[in-house]
Amino acid sequence: VSSVRLAWARFVAAFRKHDLDREFDEEVRSHIALATEDYMQRGVPPAEAQRMARVKFGAVEASKDAHRDSRGLAWLDDIFYDLRFAFRDLRRDRAFTITATTMLALAIGLNVTVFAVMNTMLFRGFSLVKKNSCLAYIEEHSPSAGCCSYPDFEDWRAQTRSFEGMAFIGERPISFSDGGGERPVDTLAFTVSNNTLELLGVHPFLGRDFVPADQEPRAPPVALLSYRSWELRFGKLPDIVGHIVRINNVPATVIGVMPRGFDFPVQGDLWMPLTLTTELQHRGPGGPPAYFAFGRLKEGATLAGARSELDAINRRLAASYPATNRDVVLSVESYSKFFIGPNASVIYGSLWAAGWFVLLIACANLANLTLARTLGRSREFSIRIALGAGHWRMVRQILTESLLLAGASGALGWWIATWSVRTWAAATASRYQVLDYALDDGTLTYLIAISIAAALLCAVVPIGRLLKLEVNGTLKGGARTATQGRRSKYLAAALVAGQMALAIVLLSGAGVVVRSLLTVVDAPTGVSDPENVLIGSMALPSEKYGNSETKLRYFDRLEVQLKAIPGIQDESISNTIPVNSGIFRTFEIEGQDNPPDPGESTQFLTVGSDYFRVVRAPVISGRAFNDGDLDSTLPVAIVNESFAARFWPNEQALGKRLRAKDRNTRGGWRTVIGVVPNIMQGDPLRQHFKPLVYAPFRQDPGTHAQNSDGAGFNGAYFLLRTSVPPRQVAQVVRAALQKLDTDVVLQEFTDLRSSFAFRQDRMDLEHAELGKYGEAAPIFALIALLLAAIGLYAVVVHSVNQRTKEIGVRMAIGATGEGIRNMVLRDGMLPVAAGMILGLAASFAVNRILQSQLVGVSPYDPATVIGAPVILILVALIACHIPSRRAVRVDPVVALRQD
Amino acid sequence: MWYVNMWNINMSRVLRDSKLDLLQGTLDLMVLQTLNSMGSLHGYGIARRIEQLSGNEVLLNQGTIYASLVRMVQRGWIAAGWGISDTNRKAKFYSITKAGKRQLKEDRTQWERLAVVMSRVLATSREGGKP
């Protein structure tokens, strides 16, 4: 305790230096006065008495120092001194300080941003949900369906030992009105088992959680609102609890509101209790609607353990219920892996590494600049060392300076990171990734740690140089020797080479990723001039358009309306559009006792008569559908080339028969009447055209349409080929729809070209992040390239400045301007070349890691392998060229007179 | 404490000043003894008293005493406060505290033991020098 007390007393004293000094001065004065009086009493004359008192006291300044040393903390004073000194020094060298701080702040900000994003993506996930990492997502698949069944879930829940609890969730489209009698809107609700919120550890912000009674088939309908819908639809109505709303035209009571920011499993408007209807009691995977289960792992349980346990339970179920559960497999994944995709660690890990590369480049720049400064001040350092300042003292000064710089950069970097994480969150916001990006204490600690690491990295090279400083040589040799010291030149060159290597790795990494993204975006779709096709989806209210006749009647009237609009050449309805997935159905082909793989399914589409004219993919053989293909006539189908080549490789497809063969229903045979060119259909990577079967809309109007989420809805899409830009007729089309029926909801109203744009939720899980990745990677590469170029530029400028005298001498003895320029360029470009070779070699290794993310591009993509170095060399040449021009302008007379 | 260890400085070295350890310990003991026997005294008074007892053997300059005083104040062994001297002059007065008395007792015991040991050691070495 006493040592703590002492430390504290001294710590305080170090900050009260001024007061304590004054008090001690007074004490010294009083001491001398007392002593003088004493001598005078003993008979010494006053003047002599005072002199003797002073002599006896000793050196006042020395005793003051001793007083200060014993009461305060000498090292703390030293730190203050170093800080003041460093601060003054940095203020004097403003250009250096601003450049260094900006570069480092940028690099730190970038690095922290990636860290925060990675932390959220890989480890944190949902906002408000406690211990996200313990959540597992469970789904069951059979060859024809991929959706959990409730009885299976009940068995898992009863038998599992790995999970603390399990819940069952489904999503269903609903029509919702707030009970005020206005028009209902279509939205999504989640039906959840009553323990869901409890298992997530989230409680309603207002009102109550679900209880088991809510789940009974005859329970009065209730709903929990999301904070968002409470805010947007009800204006934060205070007495919302107990309010009656209408869901699918049935009154339901609002029992509560969830806290702000809570969304689960994806963004939605409300949660309803799962109702244990008889429909839900079917065993085996089924759907739609889609259901899944999730569980919270017990303390100490692993995901792998849970997976094998559930597999074992599932095998028992397969034995007990072979009819429904025979070929069922389970997928058990961690939540983050499910929602972020299996390759998130590759993506965010590599972005993080890229963040470090940029930081390293910035540090190398700073090390080079500090090195140049240290060498510029070597005379000052030498004098101080010669005068007795310890090396440690000098080292501390450089360290303090670096730490001060890194501190300022860290503060700026935090600000940059706050901004860019917010930008990232806004730019990547998606219904499907409900993520909590808040910067927390962990991120702050990380920022402080990397700032200190950066400071040390920047300081280590100059310190190493300083410790080797030859005092004698420097003092004798004058401020500048004629040529630059060889050692420091090599050091600077090595740092430049390192930067270039890192930049090349980033450039080529970004290159292959961007090329992958472009491969997806620019892939052939099979549709000509998609920019002149206007599309939109029409969701028909089920109450009004519940059966095929009412639907067909609506579409007939719509057709008439649309045909009358000038500027529309062809129109067709269809149950989906080329970017969306069609409905996958298992099928059989007449005369082949395969399909080759018994579970094989293919996409079935229902399209209008003029569909192939609208998309400009004219029939290759046979005929297109026409208005004569009705429910009452021969059931027909058209297949694409890919289907024909796959199933009738050496035969004529026309006249063959096939039929859909779903689990319960067996459709009638359809005769193939035509073969059409391949058109993209829903394939996320767009690398292959898949086999497709088209059926006439009028022969199958009951089929649900498939929206971009893959969810079915009652309605259809229209596709309109326009002779004018689609924007010009959009308003007229919208008005025509309104005129027909105001209850029909028009969505996804755009042109076909725009619908082909990259969208994360259309990608498969493995490549879901490709868009973000492809946009983030070039930013890193550009910043890296820029920093490396600045670094190179600074080094060359410094070297030219150092060698002014040498250049003067060379020119005086006959070197030409061209010769000088070549010399500067050669010296500058040599380390670039070395770094480039090193970087290329490294990038071959790095790009292999990215392979899982690449689409249609080799990790050793020739365009990238050639392009990245060419870009680097061009930028480096510019960075060297500017100072080389200055070198050429050196006037030998002036240069030689210098110093 | 982290702020100390960050600079890799040994705590005991920070708090104790290295060079004069032995002498300072002696001086501290003398000051404590003086204050213990004389009660409250100002810096000059303490210095005079020590000079009277020891000549100029310990105190080279009277000013030296203040480093010792401030250190002991910080340790809580003595207390300090401004007051008025016999000659009606403002001066800072020092007095021993309870902790100081404890310290004095401890130091005295140790010093006496050391003195006994030292005199014994020195005595044997003198005999050993003359066989």
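The values are calculated or read from the model by the stated rules, or taken from the named source; none is laboratory data. What you see is a predicted model; the values in this text were computed from it and never measured. Every residue, glycine among them, receives a Cβ derived from its backbone with ideal geometry; neighbour counts consider all protein chains shown.
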Quiz item: Quick one: how many residues across the range A:1-15 are facing chain B (nearest Cβ under 8 Å) and exposed (fewer than 13 other Cβ atoms within 10 Å of the Cβ)?
Solution: 3
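Given A:His31, A:His18, which one is over 55 Å from the mean Cα position of the chain (by Cα) and either more than 7 Å from every other protein chain (Cβ to nearest Cβ) or assigned to a helix (DSSP H, G or I) (or both)?
A:His31
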Quiz item: From the list A:Ala59, A:Ala47, which one is more than 59 Å from the chain's Cα centre (by Cα), surrounded by fewer than 16 Cβ atoms within 10 Å (Cβ to Cβ) and either within 10 Å of chain B (Cβ to nearest Cβ) or touching a residue at least 12 places away in the same chain (Cβ under 8 Å) (or both)?
Solution: A:Ala59
Practice problem: Taking the residues in the range B:61-110 that are in contact with a helix residue (DSSP H, G or I) (Cβ under 7 Å, 6 or more places away or on another chain) and of a type in the set (Phe, Trp, Tyr) as candidates, determine which candidate is farthest from A:His31 (Cα to Cα). | Solution: B:Trp77
Quiz item: Can you find even one residue in the range A:601-617 that is surrounded by fewer than 13 Cβ atoms within 10 Å (Cβ to Cβ) and at pLDDT below 90?
Solution: no
Quiz item: Has the range A:253-266 got at least one residue that is part of a loop (DSSP other than H, G, I, E, B), out of contact with any strand residue (DSSP E or B) (no Cβ under 8 Å at 6 or more places or on another chain), small (Gly, Ala, Ser) and touching a residue at least 60 places away in the same chain (Cβ under 8 Å)?
Solution: yes
Quiz prompt | Unique match (being β-branched (Val, Ile, Thr) and over 16 Å from A:Val513 (Cβ atoms)) among A:Ile849, A:Ile837 | solution = A:Ile837
Practice problem: Test A:Ala312 against the stated conditions and say whether it is out of contact with any Pro (no Cβ under 7 Å at 6 or more places or on another chain), over 29 Å from A:Arg183 (Cβ atoms) and outside any helix (DSSP H, G or I). | Solution: no
Practice problem: Mind listing whichever residues of the range B:29-43 are away from chain A (no Cβ under 14 Å) and either of a type in the set (S, T, N, Q) or within 12 Å of B:Ile65 (Cβ to Cβ) (or both)? | Solution: B:Met30, B:Gln33, B:Thr34, B:Leu35, B:Asn36, B:Ser37, B:Ser40
Quiz item: Is it true that some residue in the range A:263-274 is aromatic (Phe, Trp, Tyr), touching a helix residue (DSSP H, G or I) at 6+ places or on another chain (Cβ under 7 Å), modelled with pLDDT of 80 or more and over 30 Å from A:Ala318 (Cβ atoms)?
Solution: yes
Quiz item: How do the pairs read when you match residues in the range A:832-860 that are over 21 Å from A:Ala492 (Cα atoms) and of a type in the set (Lys, Arg) with residues anywhere that are buried (at least 17 other Cβ atoms within 10 Å of the Cβ) and modelled with pLDDT under 90, using Cβ under 8 Å and keeping only pairs 6 or more apart or on different chains?
Solution: A:Arg848/A:Pro859
Quiz item: Given the residues A:Thr474, A:Thr481, A:Thr418, which is the only one that is modelled with pLDDT under 80 and outside any loop (DSSP other than H, G, I, E, B)?
Solution: A:Thr474
Practice problem: Examine the range A:225-237 for a residue that is small (Gly, Ala, Ser), surrounded by 17 or more Cβ atoms within 10 Å (Cβ to Cβ) and over 33 Å from the mean Cα position of the chain (by Cα), and state whether such a residue exists. | Solution: no
Quiz item: For the range A:63-86, what are the residues that are more than 8 Å from chain B (Cβ to nearest Cβ) and under 16 Å from A:Val395 (Cα atoms)?
Solution: A:Asp78, A:Phe80, A:Tyr81, A:Asp82, A:Leu83, A:Arg84, A:Phe85, A:Ala86
Quiz item: Do we have any residue at all in the range A:244-252 that's over 23 Å from A:Gln215 (Cα atoms) and either within 33 Å of the chain's Cα centre (by Cα) or not in a loop (DSSP other than H, G, I, E, B) (or both)?
Solution: no
Practice problem: Kindly list the number of the only condition in (1) closer than 16 Å to A:Gly582 by Cα; (2) surrounded by fewer than 18 Cβ atoms within 10 Å (Cβ to Cβ); (3) not small (Gly, Ala, Ser) that fails for A:Leu746. | Solution: (1)
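Restricting to the range A:66-93, name every residue that is part of a helix (DSSP H, G or I) and more than 13 Å from A:Glu401 (Cα to Cα).
Taking the range A:66-93 first, the residues part of a helix (DSSP H, G or I) are A:66-71, A:74-92.
Once the filter is applied, which keeps residues that are part of a helix (DSSP H, G or I) and more than 13 Å from A:Glu401 (Cα to Cα), the range A:66-93 yields A:Ala66, A:His67, A:Arg68, A:Asp69, A:Ser70, A:Arg71, A:Ala74, A:Trp75, A:Leu76, A:Asp77, A:Asp78.
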Self-check item: Residue list for the range B:63-84, filter: facing another protein chain (nearest Cβ under 9 Å) and assigned to a loop (DSSP other than H, G, I, E, B)
Solution: B:Gly76
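Counting just the residues of the range B:100-131 that are of a type in the set (Lys, Arg) and either at pLDDT below 85 or not in a helix (DSSP H, G or I) (or both), which one comes out farthest from B:His42 (Cα to Cα)?
Among them, the one singled out is B:Lys130.
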Quiz prompt | Residues (part of a loop (DSSP other than H, G, I, E, B) and either of a type in the set (Gly, Ala, Ser) or facing chain A (nearest Cβ under 7 Å) (or both)) located in the range B:85-99 | solution = B:Ser85, B:Thr87, B:Arg89
Exercise. Mind counting the residues in the range A:421-439 that are in contact (Cβ under 8 Å) with a residue 40 or more places away in the chain and either in contact with a Leu (Cβ under 8 Å, 6 or more places away or on another chain) or outside any helix (DSSP H, G or I) (or both)?
Key: 12
